[in-house]
Structure formats: C-alpha cells, structure tokens
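Q: Provided herewith is a single structure, encoded as structure tokens, for subsequent inquiry.
The values are calculated or read from the model by the stated rules, or taken from the named source; none is laboratory data. These numbers come from a predicted model, not from an experiment. Backbone-built Cβ (ideal geometry, glycine too); neighbour counts: all protein chains shown.
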C-alpha cells in the first residue's frame, strides 16, 4: 500500500485546493495588518534583534531539514554585513540535550523552559551592550520567533524582557549543568540597566505554538510593549496532545494589533523541519513578509515554492502513543475542518484560570506605540521555482501518496489510550517525592541539595516499582533493636498509620547514593513493556525517532 510511510516517517496526502487557498487567504489578511516600523531607514540609531526559539527535538546544528525559526536565523547570520543593524539569536528546542535522562524528561514536559529563556536573554543583552557601546543613542526593537514549544518560549521571552528590561552583562556570573544549560545567572546589581523595564518595543511571530507540560504553567500573555504579532495555526494537526495555545487568537484582535491565521497542514507543515516541505515554505513566506514589515528595508528573502512537495503529513502516525480521537469525533460529527482542533485559551500560567484576563493580551502601551509609524504589511515577491523542479508533477498528481489514511495498527490501538496516563503517574511521583524530601529536610534543619535530589529520584523509582499511584509522605524509620534511627527511609501512600495505607522502604544510604540518572533509567525500564512497543527506548535517540518525538 503506497504512502504508508515516507521521508518524514508517516503517511501523507496531497494538500487540496482548500489547503493551498488557505495560504492565499492568510496572505490577504496579513496585507491588511498594520505593523509598526521598528527600523526606519531614516533613523541611524534603530536596531532590530530577532530571537528564534526552535521546537521540541529540533536543533539547527544537527543533520536534517531545518525548521522555520532556524531558517530565519540562518538567513540573518549568512551575511551579517548585508543588514548590519539587524542581528539574531537562536536557541535549540527542548529535548536536544546530550544526556538521555534529561533529554527524555525534556521531550516529555519541556522542563528546560526557563533555562532556554535565560540563555536567550544573556545573548540578547550582550548584543544590546555592543550596540549601545558603539552608539549610546541606539533604539532596540525585539522580535520573538518560535515554533511549537519554542513558540511558547518566544511568548514567555517577551514577558521576561518586558519585566527585566536590558541588563548590563559585563559582570555576570553563570552556573550551568552538564548539558551547558543555565541553572542560575546573577547580573551585577550595581550596574545600571542598559534599557529600563517596560521600555523595549517588541513583536511576536509564532508558528503553531504548543505548550504541553511546563509552558502551560507559565504566563505567555503578550505584555503592553508587544506592539504587533502574527500567529500561524495548523488546520490539519490531529493529535490530541498537540493543542495550540491561543496566544494570538485566530482573526484580527479587537485593537487591530495582532493577527492569527489558520492554514492547511499539520504541525510540522507549519513550523518546518520536514523533507517534503512544500507547505512549510508557504508558512515561512508569511512569516518573512511579517518580519520585513518591521523595517523600511526588507532584510529577509522569501523562498521559492515546491508544488510537488505540498503534502500534509499524518503526524498522528509518528508514534503509537499519539491519539486523535477528539479530532476524529468532530470529523464524524461534520464539524467544519477549521474548527476541529481544540486549543488552549488559558495562557496566564494556569489551565484553571480562564477568565477574560487570563485569555487576553495586556492593553498596548499607548505612549510607546505612538512612537512608531504603522503601515500595511507589504507582500513581497516569491522567487520562481527553479527549472529543475518544474517537470515534477504537483503533489495532487503524484501516485505515491495516500488520500485515505491507512488502518490504524494494533500497537496504536492498544498503546495510545494508556501511555499518557503512565507518563502522568511517573511525573506525579517524581514531583511528590521531591516535595516529601524537601519537607523532611526542612524538619531536620537542612537544605535541599544534591543528595536530596538523589533520594527523591530513588523514592520515586521505589514507589513506581511498588505500584503506587501517589506519594503522600516521606519519613525516616524509627530505631528498633536491630535498626538504627534513620537507617531506612519510607514512602507512604495514604494516611499514616492507617491500616489501609501502602508503605515501601529502602536503605537511606542507598537512596542517597544512587545517581539520579540510574533511578530515571530504572523508571523507564519499569515502563519498558509499553514504551518499547511504542518505539520510545530510554537510552537511544536515532534520527527517525528524534523526528517523531520532535515538535
């Protein structure tokens, strides 16, 4: 059966007329958006910084196709002298670390959200410092670009810069972990701000932001100094786990400041990174028109189209753990295509907070907004498709694609409903073990440290091995005739000493001595019967799997 798999590790079908026309419609909407000109040709002091955050599992330094944030950064860096007043920064996506335990945890939950914001803030401050050193009157505009979890990071970075301003990085102290991610950073409090909090004009370009895990806990609402923004939504992303955050809601905002457009394609068809990149090229061109509108002089080149690669990838086939039941239910009910995908409207840092304030951008800073002239977004010319591709049939005429999705395999039908629950329990046990050890440390008058972290991981592994659903208490054993006080450490599920509770214990010294990585590997092995079937081994990451796990 043709089309069952392809170069992007899933079956795919040709984008139809509706999909292609959705990009033309989005372009028409974009042309009516009035954006501020951050970098006017007549202003020698204007500077523009483009901060690009990549999606989960994506790293421009690794082999394979690049995502749209990476392509934007690469263009800016390719010829720095072509537009010397424009500079950029790039941060690889979550789950790109070298060490397996940290990588898998990050792939699952995006736990390095803050570390990646801190890294971008440092490189941004360093570039701002150089600009201001050379031109004390420099005015610095900031554009935050991101895909998937990187889109959530871009939105969070806008808030971070708004709250902090631009710090002087000349005497900074940095602490990093073994993957070289920032764990702590201290800026010299005696040095003045390069630019005060709440003074930097910003914009956002978000390619289908999805915030599963840690990003959902963070406030991503655009602050008052974000003067404009464009969000591109994937109409054909079916995975239930990949709900887009409505950071910039679909349509034109009530103050005409933001635009959200819905276009044909699945998640990676919008953010890029596929071999068959026809649709992501169209999405990239929308983003480039938006970015170029922030300067009188365009600083990015649009890319030529590849009609032969205009395909939609069935991303729900990437792994058996992915489910699309909710999407299919709406499909059967006849819900219009552009309304089948559920979204996350609560963007204030809590999924429970969904009042109007928790869903909405902050009102614009009128004084800062008035400092920049606005204009309609100019739609740039698309380069012609090279001759060597013109003789290839468009995707709708290809015979190697599959208009109808192949039957869902047995593994997919068995695994998808249960794996999400397994992962949730493991994450909960880790969190509860840490809370219990912190409480124990506090009762003993000691700080939570590396040995505490090892104990927490050991106890989470113990609870998982014993089949616990939760950890309600962590305590040290009392002395007996044969055992010293504190020789054993206990985890408890339920009320202690209720007879219905569950208790497990291990030697305290073993809990403290066992490396975190070892406990994490054992927890992965406890799930091996399902994770191995799902194709998610705990210690390897070949290119095909990295592709399937990525954003």
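Q: For residues that are closer than 19 Å to residue 52 by Cβ and touching a strand residue (DSSP E or B) at 6+ places or on another chain (Cβ under 6 Å), scanning just segment 211-226, find the one that is surrounded by the most Cβ atoms within 10 Å (Cβ to Cβ).
A: Step by step, filter segment 211-226, then rank; the result is 226.
Q: Just checking, which of 347, 321 is assigned by TED's automatic domain parsing to the domain that holds residue 294 and farther than 30 Å from residue 404 by Cα?
A: 347
Q: What about residue 321, is it farther than 16 Å from residue 241 by Cα, touching a residue at least 24 places away in the same chain (Cβ under 8 Å) and in a loop (DSSP other than H, G, I, E, B)?
A: Details: farther than 16 Å from residue 241 by Cα: no; touching a residue at least 24 places away in the same chain (Cβ under 8 Å): yes; in a loop (DSSP other than H, G, I, E, B): yes.
Taking the combined requirement at face value, the residue does not satisfy it.
Q: Considering only residues of segment 454-469 that are touching a strand residue (DSSP E or B) at 6+ places or on another chain (Cβ under 6 Å) and over 17 Å from residue 514 (Cα atoms), which is surrounded by the most Cβ atoms within 10 Å (Cβ to Cβ)? Walk me through it before giving the result.
A: Step one: filter segment 454-469 for residues touching a strand residue (DSSP E or B) at 6+ places or on another chain (Cβ under 6 Å), giving 459, 462-463, 466, 468.
Pick out the ones that are also over 17 Å from residue 514 (Cα atoms) and you get 466, 468.
Working: 466: 13, 468: 24.
Within segment 454-469, the match that is surrounded by the most Cβ atoms within 10 Å (Cβ to Cβ) is 468.
Q: Can you work out which of the residues in segment 434-481 that are touching a helix residue (DSSP H, G or I) at 6+ places or on another chain (Cβ under 7 Å) and part of a loop (DSSP other than H, G, I, E, B) is modelled with the highest pLDDT?
A: So the residue we want is 471.
Q: A further question on this structure: Got at least one residue in segment 309-324 being in contact with a strand residue (DSSP E or B) (Cβ under 7 Å, 6 or more places away or on another chain) and surrounded by fewer than 20 Cβ atoms within 10 Å (Cβ to Cβ)?
A: no
Q: Going through 132, 111 one at a time, which residue ends up being touching a residue at least 60 places away in the same chain (Cβ under 8 Å), outside any helix (DSSP H, G or I) and farther than 22 Å from residue 364 by Cα?
A: It is 111.
Q: Please verify whether residue 381 is more than 32 Å from the chain's Cα centre (by Cα), closer than 30 Å to residue 313 by Cβ and either surrounded by 13 or more Cβ atoms within 10 Å (Cβ to Cβ) or touching a residue at least 60 places away in the same chain (Cβ under 8 Å) (or both), treating the condition exactly as stated.
A: Values: more than 32 Å from the chain's Cα centre (by Cα): no; closer than 30 Å to residue 313 by Cβ: yes; either surrounded by 13 or more Cβ atoms within 10 Å (Cβ to Cβ) or touching a residue at least 60 places away in the same chain (Cβ under 8 Å) (or both): yes.
Answer is no for this residue.
Q: Condition check: under 22 Å from the mean Cα position of the chain (by Cα), in a loop (DSSP other than H, G, I, E, B) and farther than 26 Å from residue 237 by Cα. Does residue 162 satisfy that?
A: Criteria not met by residue 162.
Rundown of residues vs (1) modelled with pLDDT of 95 or more; (2) within 30 Å of residue 519 (Cβ to Cβ); (3) surrounded by 18 or more Cβ atoms within 10 Å (Cβ to Cβ), yes/no style:
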| position | (1), (2), (3) |
| --- | --- |
| 64 | no, no, no |
| 72 | yes, no, yes |
| 80 | no, no, no |
| 85 | yes, no, yes |
| 103 | no, yes, yes |
| 117 | yes, yes, yes |
| 134 | yes, no, no |
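Q: For segment 178-198, does any single residue satisfy the condition of being exposed (fewer than 14 other Cβ atoms within 10 Å of the Cβ), assigned to a loop (DSSP other than H, G, I, E, B) and touching a residue at least 40 places away in the same chain (Cβ under 8 Å)?
A: yes
Q: Inspect all residues belonging to segment 207-215 and state whether any of them is more than 23 Å from the chain's Cα centre (by Cα), assigned by TED's automatic domain parsing to the domain that holds residue 354 and on the phi < 0 side of the Ramachandran plot.
A: From segment 207-215, those more than 23 Å from the chain's Cα centre (by Cα) are none; that's our starting set.
Scanning segment 207-215, I find no residue that is more than 23 Å from the chain's Cα centre (by Cα), assigned by TED's automatic domain parsing to the domain that holds residue 354 and on the phi < 0 side of the Ramachandran plot, so the answer is no.
Q: Taking the options 174, 140, name whichever one is touching a helix residue (DSSP H, G or I) at 6+ places or on another chain (Cβ under 6 Å) and either at pLDDT 95 or above or more than 16 Å from residue 56 (Cα to Cα) (or both).
A: 140 is the lone residue from the list that is touching a helix residue (DSSP H, G or I) at 6+ places or on another chain (Cβ under 6 Å) and either at pLDDT 95 or above or more than 16 Å from residue 56 (Cα to Cα) (or both).
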